[in-house]
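One structure below.
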Amino acid sequence: MDYKTPFGVKIDLETGVIPGANKLVRRLSDMRGYFLDEKAYEELLKEDPIVYEVYAIEQEEKEGDLNFATTVLYPGKVGKEFFFTKGHYHAKADRAEIYCGIKGRGGMLLQTPEGEAKWIPMEPGTVVYVPPYWAHRTVNTGNEPFIFLAIYPADAGHDYGSIKEKGFSKIVIEEDGEVKVVDNPRW
Ligand code: S6P
Ligand code: ZN
């Protein structure tokens with residue numbers, strides 16, 4: 001038997017950085033069409049801020065193995081909408097996932113292919129179970145980076161397509177100084 005080598009890494013709990021991980025950067029310009037307020041999007045695009053960064057330690061796409069990644073989701077809004085991750089189903093749709101809040105505040109929007117949505121607030125220590133078949137997107141509702149760890153099957157993959165086209169049935173906005181989860185008018 002050709003065994004893989006076990007290892008441990010230390011996540012920097014202040015910055016979310018995992019040493020030796022692959023880093024992915026998503027700027028606002030990578031998210032055209034995702035936010036509702038197109039005018040506000042074009043305006044903020046002049047600065048093209050980083051919306052989030054992902055530090056991933058990934059294995060070959062094989063059944064039974066696991067990947068893990070931290071995400072650093074920056075605070076900000078496009079119009080009334082808080083910054084969020086693109087959101088995806090898993091390419092192998094029946095693969096589940098676990099998230100754990102590390103720093104900052106926000107939440108997760110989840111959705112079935114039929115459009116049933118769920119909002120789960122997250123803070124440091126919150127563990128979220130993402131069941132098979134549910135699309136998932138995280139949202140930063142605070143004013144500091146929202147950092148969390150995700151652990152997911154190595155063969156889960158990402159399916160961004162339908163979320164890119166239609167979004168989620170709910171959006172998370174700030175209105176009258178409050179965080180509100182409301183129906184997506186474009187849905
Ligand atoms: C992977 C896991 C996370 C996200 C990351 C970025 O299954 O859910 O690591 O990839 O939070 O979000 P997105 O939607 O751009 O992949
Ligand atoms: Zn996922």
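The values are calculated or read from the model by the stated rules, or taken from the named source; none is laboratory data. Everything quoted here is computed from the prediction, not taken from an experiment. Every residue, glycine among them, receives a Cβ derived from its backbone with ideal geometry; neighbour counts consider all protein chains shown.
Can you find even one residue in the range 101-111 that is of a type outside the set (K, R) and surrounded by fewer than 18 Cβ atoms within 10 Å (Cβ to Cβ)? Let's see the steps before the verdict.
If we filter the range 101-111 for residues that are of a type outside the set (K, R), which is where we start, we get 101-102, 104, 106-111.
Filter once more, keeping what is surrounded by fewer than 18 Cβ atoms within 10 Å (Cβ to Cβ): none.
No - not one qualifying residue is present in the range 101-111.
The criterion of being within 30 Å of E38 (Cβ to Cβ), within 12 Å of ligand 2 (Cβ to nearest atom) and among the aliphatic types (A, V, I, L, M) holds for M108. Here W187 meets the list (1) away from ligand 2 (no atom under 15 Å from the Cβ); (2) buried (at least 21 other Cβ atoms within 10 Å of the Cβ) almost entirely, failing just condition (2).
Close contacts from the range 37-58, counting a first residue that is at positive phi and a second that is surrounded by fewer than 16 Cβ atoms within 10 Å (Cβ to Cβ), with Cβ to Cβ under 9 Å and a gap of 6+ residues or different chains, come to D48/R27; D48/S29. If only residues of the range 47-60 that are under 20 Å from L149 (Cβ atoms) and surrounded by fewer than 18 Cβ atoms within 10 Å (Cβ to Cβ) are counted, the one that is nearest to ligand 1 (Cβ to nearest atom) is A56. Within the set F168, F148, the sole residue that is assigned to a loop (DSSP other than H, G, I, E, B), crowded, with 19+ Cβ neighbours inside 10 Å and either free of Cβ contacts under 8 Å to residues at least 12 places away in the same chain or within 14 Å of ligand 1 (Cβ to nearest atom) (or both) turns out to be F168. Need the failing condition index for E63 against (1) charged (D, E, K, R); (2) more than 30 Å from K4 (Cβ to Cβ); (3) more than 14 Å from ligand 1 (Cβ to nearest atom), just the number. Of everything listed in (1) charged (D, E, K, R); (2) more than 30 Å from K4 (Cβ to Cβ); (3) more than 14 Å from ligand 1 (Cβ to nearest atom), E63 misses just condition (2).
Only one of the listed residues (Y41, Y89) is touching an Asp or Glu at 6+ places or on another chain (Cβ under 6 Å) and either over 25 Å from E123 (Cβ atoms) or at pLDDT below 95 (or both). That residue is Y89. Note on the range 78-99: residues that are surrounded by fewer than 20 Cβ atoms within 10 Å (Cβ to Cβ), outside any strand (DSSP E or B) and near ligand 1 (Cβ under 8 Å from one of its atoms) amount to 1.
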